[in-house]
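Written out below as structure tokens is the structure these notes cover.
The values are calculated or read from the model by the stated rules, or taken from the named source; none is laboratory data. Predicted, not measured: the structure shown is a model, and the values here were computed from it. Methodologically, a virtual Cβ is constructed for each residue, glycine included, from the backbone with ideal geometry; neighbour enumeration extends over all protein chains shown. Note: areas computed on protein heavy atoms with side chains; ligands, DNA, RNA excluded. Shrake-Rupley method; radii C 1.70, N 1.55, O 1.52, S 1.80 Å.
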Amino acid sequence: GATIVDSLSTLWVMGLKEEFDDAREWCKEHLADKFEKAGSVSFFETTIRVLGGLVSAYDLTGDKLFLDLAKDIADRLLPAFNTKSGLPLAIINLASGSGARSR
């Protein structure tokens, strides 16, 4: 799913409306469920590809769906910062909020 989200802004900028609409529909129907079932993911990759992709799509389109999904994933990533140093953990479980320094 990260590749679909990561490609949203490119699809929009390139004018690939049909492909963008298909990706948007996939996000609407499946992305929040993926967050709940994802298990442990890379904090960095999820931040740049998923959160970044959603924020970019929202900025380009103004579509509130992308903003709502970005808020959801950001809230799920936030527990990674619950460390003594304030630096995020490398791995975060999107469903539970638990994390680890590395795999």
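Points worth noting:
- Only residues that are more than 15 Å from E45 (Cα to Cα) and open to solvent by 40 Å² or more (accessible area, probe 1.4 Å) were counted across segment 86-103, and they come to 4.
- For L16, the conditions (1) under 17 Å from G1 (Cβ atoms); (2) among the aliphatic types (A, V, I, L, M); (3) free of Cβ contacts under 8 Å to residues at least 12 places away in the same chain are fulfilled apart from (1).
- Listed by position, the helices (runs of 4 or more DSSP H) enclosed by segment 32-100 that each have at least 3 residues that are modelled with pLDDT under 90 are 32-37.
- Unique match (being open to solvent by less than 60 Å² (accessible area, probe 1.4 Å) and under 10 Å from the mean Cα position of the chain (by Cα)) among T83, T61, T47: T47
- Subset of segment 5-44 (residues that are under 21 Å from I91 (Cα atoms), crowded, with 18+ Cβ neighbours inside 10 Å and of a type in the set (A, V, I, L, M)): V5, L31, A38, V41
- Test result for S40, in contact (Cβ under 8 Å) with a residue 60 or more places away in the chain and either touching a strand residue (DSSP E or B) at 6+ places or on another chain (Cβ under 6 Å) or closer than 11 Å to V5 by Cβ (or both): yes
- Top-ranked residue of segment 68-80 - restricted to ones that are closer than 12 Å to V50 by Cβ and in contact with a Phe, Trp or Tyr (Cβ under 7 Å, 6 or more places away or on another chain), ranked as surrounded by the fewest Cβ atoms within 10 Å (Cβ to Cβ): D72
- Filtering G97, G53 for residues that are out of contact with any strand residue (DSSP E or B) (no Cβ under 6 Å at 6 or more places or on another chain), on the phi > 0 side of the Ramachandran plot and of a type outside the set (F, W, Y) leaves a single hit, G97.
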